[in-house]
Each structure stands twice: as structure tokens, then as C-alpha cells.
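Worksheet: the structure to be examined is printed underneath.
The values are calculated or read from the model by the stated rules, or taken from the named source; none is laboratory data. Remember, it's a predicted structure, so these values are computed and weren't measured experimentally. Ideal geometry is used to build each Cβ from the backbone, glycine not excepted, and the neighbour counts take in all protein chains shown. In case anyone asks, the SASA skips ligands and DNA or RNA and just uses the protein heavy atoms, side chains included. Shrake-Rupley method; radii C 1.70, N 1.55, O 1.52, S 1.80 Å.
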Amino acid sequence: SGCRLAVAVLMAGLSLSACSLAGGSQSSEASNGAAPTSVTLVTHESFALPDELIAAFESRTGLTLEVRAAADAGTLTNKLVLTQGSPTGDVAFGVDNTFASRALDADVFVPYTAELPEGVAQFALPTSDGGTDDRLVPIDNANVCINIDTGWFEKRGIPAPATLADLVQPRYKGLTVLPGAATSSPGMAFLLATIEEYGEEGWSDYWAKLMRNGVKLTSGWSDAYFVDFTQGGGPGKRPIVLSYDSSPAFTVPKGGDTSATAALLDTCFQQVEYAGILDGAANPEGASELIGFLLSDEVQAALPESMYVFPVHAGVPLPKAWASFAIQPAVPRTLDPQLIAEHRDDWLREWTDVTSS
């Protein structure tokens, strides 16, 4: 989802100079009968790919890739719903499984009919009839997990937390920072993890305990990780943060063989990001080519170091550090997308009441 670990820091050397990040008209040639010369991707602020891959796509297709990026998956989804039928682009990337049902219910996307690479189908959105939805195509996956600064606990002789239940124990009072569920897709994923763990009858009580235990809420992941987390590089004083299962791979000192952080695998909620062709796209053929590009071996192999997520294409090699430190849970927490769709607004209202009281 948006808010991927340290994109701004670790990808400082990679720009989207081959793309237009804002402005411009969407494939305007299509409106006057000429063949489109561009394809527009609407996405979240953490989208990043190496320049050479984007240049290769443009060279192969003859299309200029325009990227319009803003905010996180929640904001992206809201904008897509508001512009349904008259979209500001051809393809949207970054809607995840916590927000997908809202976009699908609003008919934001049209089917993608090309064959999917090996392994991709296992991440497809299920439908109520037991099938899968062909309007949103899986592009990447990761798990939203509580992360800890392992050295902080070792130095103080305090046992590190391991479970959701541990976070409400008095010994961890004032040590946790979380992005809010109403303003952050990782925050929403964590809310869903607590609902999966404690059920409809117990999750709000758990959150009340979290708040009494001094949890700090931020508007987004970046503030939580880079400002408040003790390993975020800023002035942070909290050694427990919400991030991803891939995050520890990026806190290994250069040349080191240990990570400064660890993901608590019992706390993880699966997050899958999707791409889809927008209903009303000015360049639907180019949109299909763009999704094929996102599923290509080259792009899938670039995702870990570009956007800190795992590829969905089976067999794509991972960076060396990921094998040791980006450990995924064997059985991550999930919730039925339809259940999320039916209850999201109510859950968010109740979460807001609990966390603001």
C-alpha cells in the first residue's frame, strides 16, 4: 500500500524522470481520433521503479508513461470512486485488499483478460460464488506486522513482545506507535488484524486497552516509522512500531549479518496490492500493456528494493538479505473482503470513538 518502508530514503538514487508525476492531459490524442501516445498510471505516493525499466517499457510500446501519485491506498481508492467513469488515468495501482471491495462495488475497474503469470492467481480477490474477480490484478504482496527495535529491549533487559496481547501489558506502556486506521492502509490492516484476533465482540475492548497503555497514533506510516520509532533514523523514542514483514531486511548494517529490528510474525495481516484498468480509460490497450509490464519478470524482480514488497510472480528471485531477514508468516491473518466491505465504515466509526475518547 502506500507507505512502503523507507522508499524516500533507500530509493533516493532512483527517480521517475521518465515519467510525468503531475499535470498534463490524459492521452488527449484519443479524444480527437489519433492513436494515444501516452498511458497514465494513477497510484499512491510510494510507487517507484528504476528508470531503466520505465524507459524499456516506453521504448517497447512507443507510449510515454505518465504517473500521477498522491497519498496512500485509502485516499487513492476514494478518488477512484469519486471519478468513476471519468477517470484521471488509464490504470490504477495500489488499491489493496482492505479497500478493494469499495472500488469494485463502485464499478471503478473493467476486466483484465490476459493470462496471468505463474503464482499470481493465488493472490486474486475471491468472490462470493467461490471464484476470483478479474477486474483487479495482483501485483505485489507483503504483511503488515508489528516491528520492534531488538537492541532497545536487549540493552534494558526487558523481554520483547511477541503477540498482540503483549502490547497491552504494563511493561510496554508508552512504547508503541501506530498509524491510524482511518488515514493509513497499514493502520487499517492492523485494525483488521485485531478484529480477526478478538472478533466482533472483543476488538474494541482491546483497542481501549491499547490506548490506556499509551499507544501513540499518527496520521500515516512515515511519521510513525521515521519520527517516533527508535530505529527510524529520527528522534524517535518508541521501540514498537507498525510496519512490514520486509522491514527488517532494511535495518541490516552495511556488511552486517544481523538486523536491528524484527517483525512479530504472530501479529501480521496480509496485504496484497492490485492494478486495474479504469472504466472510461482513454487508452485501454495501453492500460493492458501497462499491467502486463507490472507483471513482467523484470518489474517483479525490482519490487523488493523499489517498493519493499514481495512479488506475486512465482520463481522471481529475491535480494539476498530478504532470505535471512524478510521472513513471511506461515499463515498470515486475513479477513473475507466481502466482510470488510460490509463492516468497514462501522468498524472505522467505532475505532474512531474508542481512540478519541
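Quick look at the values:
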{"item": "Verdict on residue 342 being closer than 26 Å to residue 188 by Cα and free of Cβ contacts under 8 Å to residues at least 24 places away in the same chain", "result": "yes"}
{"item": "Hits in segment 265-276 - residues which are surrounded by fewer than 23 Cβ atoms within 10 Å (Cβ to Cβ) and assigned to a strand (DSSP E or B)", "result": "none"}
{"item": "Lone unmet requirement of (1) touching a residue at least 24 places away in the same chain (Cβ under 8 Å); (2) open to solvent by 10 Å² or more (accessible area, probe 1.4 Å); (3) over 18 Å from residue 166 (Cβ atoms); (4) not acidic (Asp, Glu) for residue 214", "result": "(3)"}
{"item": "When residues of segment 171-184 are limited to those that are open to solvent by 10 Å² or more (accessible area, probe 1.4 Å) and in contact with a strand residue (DSSP E or B) (Cβ under 8 Å, 6 or more places away or on another chain), the one farthest from residue 114 (Cα to Cα)", "result": "174"}
{"item": "Pairs where the first residue, in segment 304-332, is open to solvent by less than 50 Å² (accessible area, probe 1.4 Å) and the second is acidic (Asp, Glu) and assigned to a helix (DSSP H, G or I), C-beta under 7 Å, 6+ apart", "result": "313/297; 316/297; 319/305"}
{"item": "Search result, residues across segment 252-268 that are without any contact (Cβ under 8 Å) to a residue 40 or more places away in the chain and of a type in the set (Ser, Thr, Tyr)", "result": "258"}
{"item": "Selection within segment 59-112 - of a type in the set (S, T, N, Q), part of a loop (DSSP other than H, G, I, E, B) and either open to solvent by less than 10 Å² (accessible area, probe 1.4 Å) or in contact (Cβ under 8 Å) with a residue 24 or more places away in the chain (or both)", "result": "84, 86, 88, 97, 98"}
{"item": "Residues within segment 113-158 that are under 25 Å from residue 226 (Cα atoms) and free of Cβ contacts under 8 Å to residues at least 12 places away in the same chain, tallied", "result": "4"}
{"item": "Members of segment 223-264 found to be open to solvent by 50 Å² or more (accessible area, probe 1.4 Å) and of a type in the set (S, T, N, Q), listed by number", "result": "231, 258"}
{"item": "Exclusive hit being over 18 Å from the mean Cα position of the chain (by Cα) and at pLDDT below 95, set 166, 134, 129, 107", "result": "129"}
{"item": "Test: residue 51 is crowded, with 22+ Cβ neighbours inside 10 Å, touching a residue at least 12 places away in the same chain (Cβ under 8 Å), among the charged types (D, E, K, R) and farther than 18 Å from residue 188 by Cα", "result": "no"}
{"item": "Output for segment 157-170, where each listed residue is closer than 16 Å to residue 262 by Cβ and open to solvent by 10 Å² or more (accessible area, probe 1.4 Å)", "result": "158, 159, 160, 162, 163, 166"}
{"item": "Hits in segment 227-238 - residues which are touching a residue at least 40 places away in the same chain (Cβ under 8 Å) and in a helix (DSSP H, G or I)", "result": "228"}
{"item": "Test: residue in segment 121-143 that is open to solvent by 10 Å² or more (accessible area, probe 1.4 Å), of a type in the set (Ser, Thr, Tyr) and in a helix (DSSP H, G or I)", "result": "no"}
{"item": "Test result for residue 208, of a type outside the set (Phe, Trp, Tyr) and either closer than 28 Å to residue 139 by Cβ or open to solvent by less than 20 Å² (accessible area, probe 1.4 Å) (or both)", "result": "no"}
